[in-house]
Amino acid sequence: MKKIKVRICVGTSCFVMGSAQIQSLEFNAPSDIADEIEIVEERCMNLCKDITRKRNRGPFVYVDDELIEEATYEKVVAKIREKLQK
Amino acid sequence: MLIPKNNANLMRTKILIKLAQSYLEDKFAEADRIPLELRPKDGEVSRCCVYKDRAVLKYRCMAGLGHCPEEETDELTTLKEYGEQALERTHAPKNKLSVIDIACSACVKSQYVITNVCRGCFAQPCRLNCPKEAISIVNGRAHIDPDKCVNCGKCFEVCPYHSVVKIPVPCEEACPVGAITKDEKGKEHIDVEKCISCGRCLASCPFGAIVERSQMIDVMREVKETDKKVIAMLAPAISGQFPGSLQNLVGALKKFGFSDVIEVAVGADITTQKEAAEFIERMEEGKPFMTTSCCPAYFRAAQVHIPELKPYVSSTKTPMYYTAELVKQEHPDCISVFVGPCLAKRAEAEWDKNVDYVLTFEELGAMLVASGINVDECEEESFSKVSHVQGRQFPVTGGVAGAVASLVGDKVEIRTEKIDGLTKENIKLLKRYATKGGENNMLEVMCCEGGCVSGPGCIALSKKAARAVDAYAQSGEQLTPESKIG
Ligand code: FES
């Protein structure tokens with residue numbers, strides 16, 4: 001089966017705001033998803049600079065093509081599980 | 001533990017970014033909006049209501065501005081005013097960890113409780129083993145009288161049904177030296193005499209109730225509003241804290257306005273040389289063992305809590321000390337800013353006249369984010385001084401001892417031991433070493449488990465950071481006792 005791609009932005013803004021913590025997925029992802037994901041580090045995707053958003057809604061993570069704003073470890077895991085169920 | 005930083009920790013980062021932005025935009029004119037922006041009316045709530053959340057956030061902002069929440073004299077003082085006061089300071093605010101009274105949830109006093117898993121058994125090992133006769137059988141179930149209980153944990157150990165649970169107080173559990181305790185209202189207080197500034201309580205409190213005075217605004221003011229040379233000294237744990245190369249990071253700091261950037265690994269090289277020489281001398285004098293001295297939280301713990309250990313602590317100074325000395329020799333009028341993972345360094349800097357300010361990686365990160373600087377897009381620039389393998393490996397547990405050992409050579413026998421984390425157990429171990437001696441003669445003591453890469457001021461995961469530190473160390477040259485540094 002094709003793995004779910006988890007693209008974690010590690011630009012300075014996202015990294016400082018918490019994407020660093022989401023990298024825990026590399027070490028101890030829950031067992032039901034650990035083998036189903038592929039983790040990629042992205043450079044700044046310029047979403048943090050998008051001034052049409054009232055505030056910086058980082059950190060940003062893509063789970064396949066779905067963007068998660070203000071991403072946290074829990075949110076990303078939940079999204080991955082949701083995708084797996086489909 | 002799965003995720004090292006809880007939401008309360010991440011909120012601190014957000015607060016720092018907002019404060020830095022507020023300073024850069026309009027010198028805090030709109031700072032009083034920060035709690036509102038972080039807790040909008042229609043957003044989620046973490047305490048009883050959005051208003052209490054905001055009240056707590058205001059205190060956390062105060063700390064971010066370098067004030068201590070306990071200093072509040074008038075509740076109506078605005079963040080704008082606190083910000084302006086911060087800009088009037090000309091010296092770093094004194095380091096202090098403190099508890100935000102209203103945020104402390106006054107967790108129940110650490111205690112053992114018997115749950116309904118209890119079968120009310122015939123043997124009653126809990127009651128028999130309790131040294132204080134605190135357990136009685138009420139309605140067919142064991143019950144602990146909280147007034148008699150001394151929290152020894154015997155009942156917890158002996159219950160065959162595991163029906164006894166311990167309700168901990170996270171900050172008290174985390175503090176290795178018993179510096180944080182409850183007042184009569186159940187709120188926590190930190191005893192400054194006992195506190196070793198390690199920051200464990202701050203990282204562990206699930207309510208984000210513990211804060212310390214930040215020096216971020218002071219450094220920003222020095223950079224942006226004075227024409228002094230402001231020099232950043234990056235602790236060796238910097239590797240891996242900001243994706244991009246270290247050269248990118250030097251470029252980023254210069255873009256922000258620092259006039260020069262130097263690695264504290266250079267000072268760590270000097271520490272290595274001196275500590276190796278000191279070790280050889282002490283062993284030749286017949287001393288049983290020596291401990292490292294570069295971890296300021298441990299150093300203070302030894303002074304205050306383990307006095308019997310004092311004669312064995314190395315008298316070699318820390319990497320920060322030697323680095324700052326080099327910097328001030330070359331630029332006597334500069335402002336020197338240590339940037340590291342450590343809160344205890346703020347305390348160390350107070351008696352080191354060569355260090356003007358101390359920032360955490362997190363604070364530096366907030367400054368960069370607020371300025372819209374993306375590290376890996378910055379021009380690559382190099383450090384003005386080159387460090388060696390030994391100095392670079394300091395921040396990972398085993399690194400300091402390894403560095404010293406590599407320079408001791410075969411002059412005397414060196415048997416190293418890592419005391420990885422200043423836990424209550426390890427403090428006992430150290431005491432035993434001081435009174436009864438032990439197997440090894442070179443003890444490396446790190447307050448944070450895993451070394452400085454796990455410090456409370458870090459951004460990156462310690463595992464990833466440790467790898468980056470290692471890779472960077474391996475790219476360096478070997479140090480010798482004769483290498484000329486600086
Ligand atoms: S840093 Fe992630 S989008 Fe810019």
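The values are calculated or read from the model by the stated rules, or taken from the named source; none is laboratory data. As the structure is a prediction and not an experimental result, all values here were calculated from the model. Heads up, the Cβs are rebuilt from the backbone with ideal geometry, glycines too, and the neighbour counts pull from every protein chain shown.
State yes or no: is residue B:15 in contact (Cβ under 8 Å) with a residue 40 or more places away in the chain, out of contact with any Ser or Thr (no Cβ under 9 Å at 6 or more places or on another chain) and β-branched (Val, Ile, Thr)? Criteria met by residue B:15.
Applying the set (1) out of contact with any Lys or Arg (no Cβ under 7 Å at 6 or more places or on another chain); (2) within 16 Å of the ligand (Cβ to nearest atom); (3) at pLDDT 90 or above; (4) hydroxyl-bearing (Ser, Thr, Tyr) to residue A:62 leaves exactly one unmet item: (1).
Run down B:36, B:16, B:57 and say which single residue is surrounded by fewer than 15 Cβ atoms within 10 Å (Cβ to Cβ) and of a type in the set (A, V, I, L, M, F, W, C). When all the criteria are applied, what remains is B:36.
Helices (runs of 4 or more DSSP H) fully within the range B:26-90 that include at least 2 residues being over 25 Å from residue B:357 (Cα atoms): B:34-38, B:50-64. Only one of the numbered conditions (1) within 11 Å of another protein chain (Cβ to nearest Cβ); (2) of a type in the set (D, E, K, R); (3) away from the ligand (no atom under 16 Å from the Cβ); (4) in contact (Cβ under 8 Å) with a residue 24 or more places away in the chain is violated by residue A:3, and that is (1).
Conditions (1) of a type in the set (S, T, N, Q); (2) touching a Lys or Arg at 6+ places or on another chain (Cβ under 7 Å), marked per residue:
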{"position": "B:53", "(1), (2)": "no, yes"}
{"position": "B:66", "(1), (2)": "no, yes"}
{"position": "B:91", "(1), (2)": "no, no"}
{"position": "B:104", "(1), (2)": "no, yes"}
{"position": "B:111", "(1), (2)": "yes, no"}
{"position": "B:117", "(1), (2)": "no, no"}
{"position": "B:123", "(1), (2)": "no, no"}
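Could you check the range B:279-298 and list, in sequence order, the residues that are out of contact with any Lys or Arg (no Cβ under 7 Å at 6 or more places or on another chain) and over 13 Å from residue B:400 (Cβ atoms)? Across the range B:279-298, the qualifying residues are B:281, B:282, B:283, B:284, B:285, B:286, B:287, B:288, B:289, B:297. Of all residues in the range A:7-36, those being of a type in the set (Gly, Ala, Ser), assigned to a helix (DSSP H, G or I) and within 16 Å of the ligand (Cβ to nearest atom) number 4. Residue B:361 meets the conditions (1) in contact with a strand residue (DSSP E or B) (Cβ under 8 Å, 6 or more places away or on another chain); (2) away from every other protein chain (no Cβ under 14 Å) in every case but one. The failed one is (2). Would you mind stating whether residue A:74 is more than 10 Å from the ligand (Cβ to nearest atom) and either more than 13 Å from chain B (Cβ to nearest Cβ) or under 23 Å from residue B:459 (Cβ atoms) (or both)? Taking the combined requirement at face value, the residue satisfies it. The listed residues are B:417, B:482, B:449, and the only one of them that is in the same structural domain as residue B:235 (by TED's automatic domain parsing) and over 17 Å from the mean Cα position of the chain (by Cα) turns out to be B:417. I'd like to know if the range B:461-480 contains one or more residues that are within 16 Å of the ligand (Cβ to nearest atom), within 14 Å of chain A (Cβ to nearest Cβ), in contact with a helix residue (DSSP H, G or I) (Cβ under 6 Å, 6 or more places away or on another chain) and at pLDDT below 95. No, the range B:461-480 has no match at all. In the condition set (1) within 14 Å of another protein chain (Cβ to nearest Cβ); (2) crowded, with 17+ Cβ neighbours inside 10 Å, residue B:42 is compliant with all but (2). Would you say residue B:378 is within 14 Å of another protein chain (Cβ to nearest Cβ) and surrounded by fewer than 24 Cβ atoms within 10 Å (Cβ to Cβ)? Against the criterion (within 14 Å of another protein chain (Cβ to nearest Cβ) and surrounded by fewer than 24 Cβ atoms within 10 Å (Cβ to Cβ)), residue B:378 qualifies. Condition check: farther than 21 Å from residue B:270 by Cα and without any contact (Cβ under 8 Å) to a residue 40 or more places away in the chain. Does residue B:421 satisfy that? Judged against the criteria, residue B:421 is a match.
In the range B:119-129, is there at least one residue being of a type in the set (D, E, K, R) and over 23 Å from residue B:168 (Cα atoms)? Yes: the range B:119-129 contains one or more residues that are of a type in the set (D, E, K, R) and over 23 Å from residue B:168 (Cα atoms).
The set of residues from the range A:22-54 being closer than 17 Å to residue B:244 by Cα, polar (S, T, N, Q) and within 7 Å of chain B (Cβ to nearest Cβ) comprises just one member, A:23. Within the range A:37-67, the residues that satisfy the criterion of being in a loop (DSSP other than H, G, I, E, B) and crowded, with 16+ Cβ neighbours inside 10 Å are A:44, A:45, A:47, A:48, A:56, A:57, A:58, A:59, A:60. Consider the range B:386-410. How many of its residues are assigned to a loop (DSSP other than H, G, I, E, B) and surrounded by 19 or more Cβ atoms within 10 Å (Cβ to Cβ)? Number of matching residues: 6. Please pick out the residue among B:148, B:132, B:182 that is touching a residue at least 40 places away in the same chain (Cβ under 8 Å) and either under 23 Å from residue B:428 (Cβ atoms) or among the charged types (D, E, K, R) (or both). None of the other options fit; the residue is B:182.
Exactly one residue out of B:166, B:187 is under 30 Å from residue B:421 (Cα atoms), of a type in the set (Lys, Arg) and touching a helix residue (DSSP H, G or I) at 6+ places or on another chain (Cβ under 8 Å), and it is B:166. Within the range B:32-54, being over 16 Å from residue B:100 (Cβ atoms) and polar (S, T, N, Q) holds for no residue. The set of residues from the range B:1-53 being aliphatic (A, V, I, L, M) and more than 30 Å from residue B:88 (Cα to Cα) comprises B:1, B:2, B:3, B:45, B:50.
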